[in-house]
Amino acid sequence: MIRYGKRICIFIFVWLAGLAFTVSGVCAQPEETLAALKAAMDGIYAARKADYDPQEALLSNEEILSHAGSSGADWMAFAAARCGYPEDYDAYLTRLEDFVVSNIDTLRRSPMATDLQRMALTIAALGGDPTDVDGIDLLQEGVYGREKPLSAQGLNALIFGLLTLDAVEAAPPAEAGDVRTALIGQILQGQLADGGFTLNQTSSDADITAMALCALAPYRTDSREYETANGMRTVSAAIEAALNRLSALQTDSGSFAPEARDSMESTAQVLIALSALGIDCTKDARFIKNGETVLDALMDYRCDNGGFAHSRGGEENPMSSVQAWYALCACYRCLKGDPPLYDLREAAGSGAPEGVLSAAEAVPAGSMAPAEGEEAEPAGGKTIVIFVVLFAFAAAAAGSVLYLKHRKQTEKHKSYEDKEEW
């Protein structure tokens, strides 16, 4: 029995050593990925600064400030803020708010509600209040108070309208009605029979499907049913169908753009959507094709200067670089457990209306079911490993106690060893 007890203890400690090595590997993998993501984001930041004065803050450069209110400049400021780079955000915020005040009449008449929504998101990300820009409420102007319905622009205005409301958890006035429920219903009415979304109503588009998932993510636990092309569905069921469609659209290179119309932007939008849903794109088998992840595919567009190209092997494109920038930021925030890219509550300092959940609260990481026949990385892997380690140590301690007890009993009965086995 002594020999048996020793073997048990040796086995337990060897197992513990192996397990410690395993835990080290499990913990190291996210750190390595985070480091790679940070390096890629730093590369984009450096590439953007190199276009101007590298010694000057990017967002205080007059050339950039002169374009405040444009898509390229706004998303650049948004990306820098969400990545947390030390920038002159006040300078850009002031210029953007001045642009809104000076052009509000034109913006109101424009059919492009997404322009107002983008400005609201940027202002919130920079620490401003999009509901009070010198008395102008961009949520009212760009979402629920427009003369023409958001659907007049298309599905993308509905998607970003909901995203913008939830980004700062704005509470529309009672006379506006249940704006969020209406927007969710309209978005889901646009879901195609195959589970995807599109602007042309003919075939699923990875970009729009991903954007729709970002908007729907906070409502993952909504038990109400909405009308879709596949009949009545909950948001959860609609999300599952959209994820399955995205998985089917992914190519063998891991990207979401067929070679005939190769573009980085589709892959970037999918990465943002998966991150909004708490899905680790580096582990979920539904989004790994031929060994290539969504993140691998995105990095295929990286240029030597750190920026990103629109097409593989092409020259660095500022707009593509900015979109890759905030897509990488979305993934980085997901893996770190930070609030999603479009969750701007802390940045804007707003309160939460009743019934609205952040994506992290509504969809815990790994909670989305994998496609049939595939396996996703189990949720709470680190927690499970820690539990196993604690259990192992408990087992080792118990084994040691038993061993010492048996040894004491053996010594007590040593005179009987010649007569019988202990």
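Coordinate-derived values only; no laboratory data. These figures come from a predicted structure and were not determined experimentally. Counting neighbours? That spans all protein chains shown, and the Cβs are built from the backbone with ideal geometry, glycine included.
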(request) Could you please report the charge total around ASP304, scoring K, R as +1 and D, E as -1 over all other residues with beta-carbon less than 13 angstrom from its beta-carbon? (result) -1
(request) Mind listing the long-range amide H neighbours of TYR226? Cut-off is under 5 Å, sequence gap 5 or more, other chains count too, H placed in the peptide plane at 1.01 Å from N. (result) ARG233, THR234
(request) Enumerate by residue number the GluC sites (Glu not before Pro) in the range 94-157 meeting two conditions: DSSP loop (anything except H, G, I, E, B), and at most 15 other Cβ atoms within 10 Å of the site's Cβ. (result) GLU147
(message) Could you compute the net charge surrounding SER204? Neighbours are other residues with a C-beta less than 13 Å from the C-beta of SER204; K and R count +1, D and E count -1.
(response) -2
(request) Quick one: dipole size for the range 227-352, taken about the Cα centre, charges +1 on Lys/Arg Cβ and -1 on Asp/Glu Cβ, in debye to the nearest 20. (result) 340 debye
(message) Can you work out the Karplus-derived ³J(HN,Hα) for every residue in the range 169-185? Use 6.51 cos²θ - 1.76 cosθ + 1.60 with θ = phi - 60°, whole Hz, and x for glycine or proline.
(response) 6, 5, 10, x, x, 4, 5, 7, x, 7, 4, 5, 4, 5, 5, 4, x
(message) Sorting check: for 35-43, 335-343, which peptide has the highest mean count of neighbouring beta carbons within 10 Å, and how do the rest follow?
(response) 335-343, 35-43
